[in-house]
Amino acid sequence: MAANSEVKGVAASAAGRRDPAVRAAVEQGLVGAADGAEPLVCLLDVAGIRASAAALTGAFAAALAPGTPVLHAFAVKAAPLVPVLRLLADAGLGCEVASPGELALARAAGVPADRTVLDSPAKTPAELREALALGIAVNADNPQELARLDGLVGRAATPPAAPIGLRINPQTGAGAIDALSTATATSKFGIALRDPGARAWLVRAYLDRPWLTRLHIHSGSQGVPLALIAEGVRELHALAEEINAAAGRRQVDTLDIGGGLPVNFASDEETPTFARYVAALREAVPALFDGSYGLVTEFGRSLLAKHGLVLARVEYTKTSGSRSIALTHAGVQVATRTAYAPAAWPVRILPYDAKGAPKTGDPVAQDIAGPACFAGDLLATARELPRLAPGDLIGVPDTGAYFFTAHYGYNSLPRPAVHGFTVTESGEVRFRLVRPAQDVSAIVAEAGGDLRDALL
Ligand SMILES: *Cc1c(COP(=O)(O)O)cnc(C)c1O
C-alpha cells in the first residue's frame, strides 16, 4: 500500500512523472543506444497539459462575474499538433490561428468555428472571405485590412456572423527579448494607440462600423513582465469604454486580451501561474472581470512549455582545445531559438544513462552540441554535468512549446516522433504516438523528389 501511494504521489507531480517516462521510453524502445534505435524522441506529459488547461480556466472562472462568456483560445503556433489541439478542446479550450495551415489543424482537431480566432498580420482576401464564411472571429491588424473587411461585409446581405475586432498596440514598451516584444512604440502589430490621431481614428472607425464588436491586444510574451502586460489590457479596456460611450451603447462586447504569460525555464517550478496573472489583471483593471465584457484569451507557451521533453542520444564525446563536447542528436532542428539566441533562450540539460536512469557523478563543464553542421549548433556551453558518455541520453525539459513543435529543417534533419505519455496509478507509463518521425522518403518528397528533371 505504501509503495502504491508513493507512486501515486510521484505521478502527481510533473517532475515525478518525468524520470519514469524517460526510463519507459528506453525500455519500450522509443529511443536508445541500440543499433537502429531512434536517436531522438520528444515526449508530452498529458496530465501536465490537462493540469495547465485546468489552471487557466479555473483562474479566470474564479475571478469573472458568473455567466460571463469566456473563450480560452490556445495559440496554435506554440504546439501545432492535431492531437494536442484535440486534447485542449476536450479540456474546454478553443484555438487561435494565424495561417491557413493553423486553421486547417484546428479544423482537423474538430475545434468549431465559434471557438476559433484568426489573428495573422498578413491575411489574404481569400483567408478573410473563408473566415467570414465559416463564422470564425477575425481580428484585423491595420486600416488596410479593415478596408478589405468593409468590402466583404458591405457586400453581404446580413451582418457577419463572425465577430470582428481590431488589434491595437498599446505601445507600453519592450520586455527582455526584443524579437518577442509586440508592444513597442514601433511594433509591426496592430494599430499604434499612442500615435498622433490614432485614438480618435479608432473611435470613428467603430462608430462607422456597427459590426466591429471586439478589441484585441497581445502585448506579452517571454521576457515581458506581468505588470506591463496588465497595463496593455488596461489601455484596451479604457479604449472599449471610450468607444462604447461615444456609441451610446455597448458596441464593443468582447475583449481579446491575447496570451504571452512568460514561462520559467530555470527550474521545474511553474511560475508565474495563471492565478498570479489574473491577480495582476484584477489589480490593474478591476472592471475587466465585472461581466460587462466577454473575454477571449490566447495563451500558448504557458500552457505547453513545461510539458514537453526532448530526449536525445549522446553519439560521441570529445575534447577540442580545452573544451569537453558531447555530440548529441538534439540541436538547432528542435531548439532553434536556443541555437541562434542562446542568451535569451537557455535550456536545462538533464543527464540520463543508457538505461534511462538519472546519471550521477562529479560535475564537469561540457558543451552540449547538436547534429547540425554549423558551429553555433549548441544547446549549452560549459554546463556542469556528470561526465557524459556515448549511449547516454540528455533530456531537455520545458520544450513543449515553440521547440520541437516548430521544427527547423536545417541539414535536412527529420522531424522527430512525438509521443504523449500518461502514468497510471500503479506507475505504468503508457505512450501514444502524437506525430510520427519523418522518414527520409518524406524529406526527399518535400525537397522536390518527384520533380527531379525540372531544371534540365
Ligand atoms: C504568439 C501569439 C500568442 C501566444 O503567445 P504565447 O507567448 O505563446 O502565450 C497569442 N496571440 C497572438 C496574436 C500571438 O501572435
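Quick notes
- Flag for Ala185 being assigned to a loop (DSSP other than H, G, I, E, B), surrounded by fewer than 21 Cβ atoms within 10 Å (Cβ to Cβ) and either within 13 Å of the ligand (Cβ to nearest atom) or of a type in the set (A, V, I, L, M) (or both): yes
- Look at (1) away from the ligand (no atom under 13 Å from the Cβ); (2) within 27 Å of the chain's Cα centre (by Cα); (3) part of a helix (DSSP H, G or I) and you find that Asn244 fails only one, number (2).
- Of the strands (runs of 3 or more DSSP E) that lie entirely inside region 334-435, those containing 2 or more residues that are farther than 19 Å from Glu38 by Cα and touching a Ser or Thr at 6+ places or on another chain (Cβ under 8 Å) span 363-369, 378-386.
- Test: residue in region 408-421 that is open to solvent by 10 Å² or more (accessible area, probe 1.4 Å), in contact with a helix residue (DSSP H, G or I) (Cβ under 8 Å, 6 or more places away or on another chain) and within 16 Å of the ligand (Cβ to nearest atom): no
- Being in contact with an Asp or Glu (Cβ under 8 Å, 6 or more places away or on another chain), at pLDDT 95 or above and on the phi < 0 side of the Ramachandran plot is a property that Lys318 lacks.
- Close pairs (8 angstrom Cβ cut-off, 6 or more residues apart or separate chains): over 20 Å from Leu207 (Cβ atoms) and without any contact (Cβ under 8 Å) to a residue 60 or more places away in the chain in region 156-171, charged (D, E, K, R) and within 16 Å of the ligand (Cβ to nearest atom) anywhere: none
- Residues of region 247-274 that are away from the ligand (no atom under 16 Å from the Cβ) and either out of contact with any Phe, Trp or Tyr (no Cβ under 8 Å at 6 or more places or on another chain) or open to solvent by less than 20 Å² (accessible area, probe 1.4 Å) (or both): Gly248, Arg249, Arg250, Gln251, Val252, Ala266, Ser267, Asp268, Glu269.
- For the residues Val117, Val111, the requirement of being under 24 Å from Ala192 (Cα atoms) and surrounded by 18 or more Cβ atoms within 10 Å (Cβ to Cβ) singles out Val117.
Yes/no per residue for (1) under 25 Å from Ala357 (Cβ atoms); (2) without any contact (Cβ under 8 Å) to a residue 12 or more places away in the chain; (3) outside the structural domain of Gly220 (by TED's automatic domain parsing); (4) open to solvent by less than 40 Å² (accessible area, probe 1.4 Å):
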residue	(1), (2), (3), (4)
Arg313	yes, no, yes, yes
Lys318	yes, yes, yes, no
Ala326	yes, no, yes, yes
Ala330	yes, no, yes, yes
Val334	yes, no, yes, yes
Tyr340	no, no, yes, no
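- On the stretch given as region 299-308, residues that are open to solvent by 10 Å² or more (accessible area, probe 1.4 Å) and either part of a strand (DSSP E or B) or among the small types (Gly, Ala, Ser) (or both) total 1.
- Being surrounded by 23 or more Cβ atoms within 10 Å (Cβ to Cβ) and among the β-branched types (Val, Ile, Thr) holds for only one residue in Val46, Val84, Val70, and it is Val84.
The values are calculated or read from the model by the stated rules, or taken from the named source; none is laboratory data. Remember, predicted model here, so these are calculated numbers, not experimental data. Backbone-built Cβ (ideal geometry, glycine too); neighbour counts: all protein chains shown. The accessibility values were calculated without ligands, DNA or RNA, using every heavy atom of the protein model including side chains. Shrake-Rupley method; radii C 1.70, N 1.55, O 1.52, S 1.80 Å.
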